[in-house]
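As structure tokens, the structure follows; a few thoughts come after it.
The values are calculated or read from the model by the stated rules, or taken from the named source; none is laboratory data. Fair warning: this is a prediction, and the values are worked out from it, not measured in the lab. Glycine also receives a Cβ, built like all others from the backbone with ideal geometry; neighbour counts cover every protein chain displayed.
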Amino acid sequence: MSSLRLDPRDVSEWHEEVDILVVGLGVAGAAAALEATSLGAETLVVERGGGGGGTSAMSGGVIYMGGGTPLQRSCGFEDSADEMFEYLMASCGDNPDEAKVRLYCDGSVEQYDWLVGHGVPFKQTYYHGTSGEPPTDDGLVWSGAEQVHPFCEIAKPAPRGHVPQVEHQGGPLLMKVLCAEVEACPAETWMNARCTALYQEADGHVVGAVIEVFGEARNVRARKGVVVTTGGFVLNDEMLEHHAPLAKRCAMRVAADGDDGSGINLGVAAGAATMNMSAVSISMPITQPWGLKRGVLVNAQGQRFVNEDTYYGRLGGAALLHNDGRAWLIVDDEVFEKPTYMEEIAAVGESFAELEAELGLAPGALDATMSLYNRHAEKGEDPVFHKGRDYLEPLTTPPFGAFDCTTEHALYAAFTLGGLRTDTESRVLDPTGAPIPGLFAAGRATSGLSVGGYSSGLSLGDGIFFGRRAARTANARQADPTRAPR
């Protein structure tokens, strides 16, 4: 057997027995623990860090929810589960799991109510002007590409970024509240505790795990199931090199220390399939503040490749994954303002030809691109990429400048989207699509809602929703007292 997969017949003593073992205390683990204990399940949560939170506590705290939440309604926005579903199916990659997306959208209002019921505060106000967490304590923001082409023609736009009430970064507050709830609930918690192997019987049933606590191995029997909520693998260079090598070029990897793929590897050792391991979210927030969306983003051929008013997670993906991270944002004197996340100016000139020469672009390439763009922008049109009218204006006032948006000089932030293959009930599946009995997973350790396209808040929302679902599915299993005896 693999060192990550052990035979329970070799266990001389079970140090702990519970109904449900949750591995990892980020947002998915917290949701699983709270749901499990609410159902009466005896629950143990183990976390490799000194405290709960994980990557969720490092995040902006945006939770993608919609369908007509009380917060949306109080801010004057109409939304429905169907419109949310149409947007997510169009924006979450080439082949999102339709059944998961449908469930998530239909359960989104209830999820908002669940969070409020657990003490997460949302100020009933709306903030316009950023993608992701606002600089204020407002509760509702645009956190994706709902307002722009092509999605605004596919589904009725509505802001769905729900942010806990705190200025700038809501992740720490979100996890402070949820971890306090876990601490107050009947679940037992072990910190500085790492899951190093799963116990799996010959017929495939996962019946427990080895938990290493301060160097001491403890055997934990899980009568109803093990829930893996350990995060993604963006900190594992070997896995990145194998699955998503371009992500290694990003200046920022959005992750806590535990996002090393360890939970994914545990699942694989138990026979699990993985999905969408090459899928990554690449954010490049060069259009913060939003006024910079009036600029023109070009590649190494001096050509546009995306509508500049789209969500910065789509800008980063388009630049790195399709243009090798070679990109510059062209502005004129009217459009110029200091970016929030970028400092390098690659070129300045009195004409586009001068910019072109400084950037080392093919002679005439940038001039042709800008001539075409300006000609249509004067009429409020963008027939090539369909940028919205709010950010369409000709760039004609010298001096002209080019912000350096290459991977070497701009902030590219990456995290992984692929992981263990799960079904709508958060059961981990083998390569044939059959559930591995007793093994469940949620959060970035799985392939979730987003499989190649992203909107801020999907990871937190996905983790909460399917973490709770994992606990419910595990708790519904009949514990077999003949398995893994003492």
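Numerical summary
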| read-out | value |
| --- | --- |
| Residue pairs meeting the criteria (Cβ under 9 Å; at least 6 apart or on separate chains; first among the small types (Gly, Ala, Ser), in region 388-399; second in a loop (DSSP other than H, G, I, E, B)) | Gly388/Gln147; Gly388/Val148; Gly388/His149; Gly388/Asn307; Gly388/Asp309; Gly388/Asp382 |
| Qualifying positions in region 158-184 - at pLDDT 95 or above, buried (at least 17 other Cβ atoms within 10 Å of the Cβ) and either part of a loop (DSSP other than H, G, I, E, B) or in contact with a strand residue (DSSP E or B) (Cβ under 8 Å, 6 or more places away or on another chain) (or both) | Ala158, Pro159, Arg160, Gly161, His162, Val163, Pro164, Gln165, Val166, Gly170, Leu174, Val182 |
| Near pairs, Cβ below 8 angstrom, 6+ apart or cross-chain, from region 299-313 (at positive phi) to any residue that is in a loop (DSSP other than H, G, I, E, B) and among the hydrophobic types (A, V, I, L, M, F, W, C) | Gly302/Leu361; Gly302/Ala362 |
| Residue check, Arg326 basic (Lys, Arg) and either surrounded by fewer than 18 Cβ atoms within 10 Å (Cβ to Cβ) or within 22 Å of Ala251 (Cα to Cα) (or both) | yes |
| Residue count, region 233-275 (criterion: of a type in the set (A, V, I, L, M, F, W, C), part of a loop (DSSP other than H, G, I, E, B) and surrounded by 18 or more Cβ atoms within 10 Å (Cβ to Cβ)) | 11 |
| Selected residue (criterion: farthest from Gly302 (Cα to Cα)) from residues of region 362-386 that are part of a loop (DSSP other than H, G, I, E, B) and touching a Phe, Trp or Tyr at 6+ places or on another chain (Cβ under 9 Å) | Asp382 |
| Test: residue in region 389-399 that is buried (at least 24 other Cβ atoms within 10 Å of the Cβ), at pLDDT 95 or above, in contact with a helix residue (DSSP H, G or I) (Cβ under 9 Å, 6 or more places away or on another chain) and of a type in the set (A, V, I, L, M, F, W, C) | no |
| Complete set of residues in region 358-384 that are under 20 Å from Pro150 (Cα atoms), buried (at least 18 other Cβ atoms within 10 Å of the Cβ) and touching a residue at least 24 places away in the same chain (Cβ under 8 Å) | Tyr373, Asp382 |
| Those residues of region 408-444 which are within 20 Å of Leu103 (Cβ to Cβ) and either at pLDDT below 95 or touching a Gly at 6+ places or on another chain (Cβ under 6 Å) (or both), in sequence order | Leu420, Val428, Phe440, Ala442, Gly443, Arg444 |
| Those residues of region 227-238 which are in contact with a helix residue (DSSP H, G or I) (Cβ under 8 Å, 6 or more places away or on another chain) and over 23 Å from Leu458 (Cα atoms), in sequence order | Asp237 |
| Asp390, sole failed condition from (1) touching a Ser or Thr at 6+ places or on another chain (Cβ under 9 Å); (2) closer than 16 Å to Leu292 by Cβ | (1) |
| Selection status of Gly49, touching an Asp or Glu at 6+ places or on another chain (Cβ under 8 Å), part of a loop (DSSP other than H, G, I, E, B) and in contact (Cβ under 8 Å) with a residue 40 or more places away in the chain | yes |
| Those residues of region 276-289 which are over 18 Å from the mean Cα position of the chain (by Cα) and surrounded by fewer than 24 Cβ atoms within 10 Å (Cβ to Cβ), in sequence order | Gln288, Pro289 |
| Within region 405-435, considering residues that are surrounded by 24 or more Cβ atoms within 10 Å (Cβ to Cβ) and among the aliphatic types (A, V, I, L, M), the one nearest to Val206 (Cα to Cα) | Val428 |
| Residue within region 365-381 that is of a type in the set (D, E, K, R), touching a strand residue (DSSP E or B) at 6+ places or on another chain (Cβ under 9 Å) and modelled with pLDDT of 95 or more present | no |
| Number of positions in region 456-486 that are of a type in the set (A, V, I, L, M) and either at positive phi or modelled with pLDDT under 95 (or both) | 2 |
| Qualifying residue in region 210-218 (condition: touching a residue at least 12 places away in the same chain (Cβ under 8 Å), in contact with a helix residue (DSSP H, G or I) (Cβ under 7 Å, 6 or more places away or on another chain), surrounded by fewer than 21 Cβ atoms within 10 Å (Cβ to Cβ) and not in a loop (DSSP other than H, G, I, E, B)) | no |
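Okay, residues lined up against (1) crowded, with 24+ Cβ neighbours inside 10 Å; (2) aromatic (Phe, Trp, Tyr); (3) in a helix (DSSP H, G or I):
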| residue | (1), (2), (3) |
| --- | --- |
| Thr37 | no, no, yes |
| Ser56 | yes, no, yes |
| Pro96 | no, no, no |
| Val109 | no, no, yes |
| Trp114 | no, yes, yes |
